[in-house]
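To start, the structure under review is shown below, and the notes come after it.
The values are calculated or read from the model by the stated rules, or taken from the named source; none is laboratory data. Note that the structure is a prediction, hence the values are computed from the model and not measured. Here the Cβ positions follow ideal geometry from the backbone for every residue, glycine too, while neighbour counts run over all protein chains shown. When the accessible area is computed, the model is the full protein with side chains, heavy atoms only, and any ligands, DNA or RNA have been set aside. Shrake-Rupley method; radii C 1.70, N 1.55, O 1.52, S 1.80 Å.
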Amino acid sequence: MLLNKRFFDKSFKITSTIIALLSSLILVGVLVYIFRESLPIWQIVGPISFITGTVWSPVSDPPSFGIASMVVGTLWVAFGALLIAVPLGFSCAIFLAEFAPNWIANILRPVLNILTGIPSVVYGFLGAAILVRFFENAFDLASGESLFCASLVLAIMVIPYIVGISEAAIRSVPDEYRLAGRALGVSKPYTTIKILLPMAKKGMLGSVVLAFGRAAGETMAVLMLAGNVLKFPSSWFSMGEPLPALIALELGSSAPGTMHYQALFAAGLVLITFVTLVNILINRMIKNNMSQVNNS
């Protein structure tokens, strides 16, 4: 019996290691392939000119490849979605974890799970049919599409991720801390804010990392709501064309091997690098914060 258990443990460990290595290799392979396809752009145009250039005209003579306006559009859309979604998501997670009666929590949790499974094209369609039309009628605009409109829909899409992960992080705090708070006569809101949330901070910030990656990489909803205008967005309420929308719109019309095709791969590499750097930065902040909490 003991021998079987050791064999099972060893087999499980080896299988997990192989799966982890394969996952890493797939990621590295994707990055290498994208870099190889985009290499001529980095050599001919140069990284700085490509990222900071404001003119995107791949079929003109001579062609221009500058994605600064798309990068800024991506920033407006992704951080704008987080600005709306994070307060709402954290509040909902705290309510579900600590204050909601069981019957309300049992209704809300399945609803949030269903929201994560709705295809993004449905969100985009509803946004175009309701939000865009609302802005056109309310503000007498020729078109209600904007980066703000895209952020609103993205916020609805990422809130379930923030709520689910944050609620799990709060619930994972041992009950001894809640009981100690009650024994000391401390109110439940005070215990939640001063004790439970700091201890669950790492998991809650992790949900923000996941939500940012989801918002920055979303394509279909952004494509249907941002306006798809190749101009530098001056504000959150301007039209724009984030990087995922640019790639989705133009990849089908570009011939493989052309500079236009290679520039779209370069834009994809910039998007992946940008999301990865933000994730590393937020994880670094989480580690520093947890180190300060542990040392205090």
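Some values worked out for this structure:
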| read-out | value |
| --- | --- |
| Considering residues of segment 107-133 that are of a type in the set (A, V, I, L, M, F, W, C) and in contact with a Leu (Cβ under 8 Å, 6 or more places away or on another chain) only, the residue farthest from Leu147 (Cα to Cα) | Leu108 |
| Test: residue in segment 86-95 that is of a type in the set (Ser, Thr, Tyr), under 30 Å from Leu152 (Cα atoms) and either surrounded by 10 or more Cβ atoms within 10 Å (Cβ to Cβ) or at pLDDT below 90 (or both) | yes |
| Candidates Leu277, Leu196, Leu230, Leu251, filtered to the one that is more than 25 Å from Ala85 (Cβ to Cβ), in a helix (DSSP H, G or I), assigned by the TED database to the domain that holds Ile94 and not aromatic (Phe, Trp, Tyr) | Leu251 |
| Helices (runs of 4 or more DSSP H) contained entirely in segment 124-190, each with at least 2 residues that are more than 20 Å from Leu88 (Cβ to Cβ) and among the aliphatic types (A, V, I, L, M) | 132-139, 175-183 |
| Hey, Leu131 open to solvent by less than 70 Å² (accessible area, probe 1.4 Å) and either among the aliphatic types (A, V, I, L, M) or out of contact with any strand residue (DSSP E or B) (no Cβ under 8 Å at 6 or more places or on another chain) (or both) or not | yes |
| Residues satisfying the stated conditions in segment 49-81, i.e. without any contact (Cβ under 8 Å) to a residue 40 or more places away in the chain, of a type in the set (A, V, I, L, M, F, W, C) and farther than 20 Å from Asn279 by Cβ | Val55 |
| Residue list for segment 192-234, filter: β-branched (Val, Ile, Thr) and open to solvent by 10 Å² or more (accessible area, probe 1.4 Å) | Ile193, Ile195, Val208, Val209, Thr219, Val229 |
| Evaluation of Phe237 against (1) part of a helix (DSSP H, G or I); (2) open to solvent by 30 Å² or more (accessible area, probe 1.4 Å) (one fails), failing number | (1) |
| Some residue of segment 54-76 being in a helix (DSSP H, G or I), assigned by the TED database to the domain that holds Gly240 and open to solvent by 80 Å² or more (accessible area, probe 1.4 Å) | yes |
| Those residues of segment 19-42 which are over 15 Å from Leu271 (Cα atoms) and either assigned by the TED database to the domain that holds His260 or among the polar types (S, T, N, Q) (or both), in sequence order | Ser23, Ser24 |
| Conditions (1) modelled with pLDDT under 90; (2) more than 17 Å from Met220 (Cβ to Cβ); number of the one not met by Ile162 | (1) |
| Neighbours by Cβ (under 7 Å, 6+ apart or cross-chain): first from segment 98-114, closer than 20 Å to Ile156 by Cβ and free of Cβ contacts under 8 Å to residues at least 12 places away in the same chain; second of a type in the set (Lys, Arg) and assigned to a helix (DSSP H, G or I) | none |
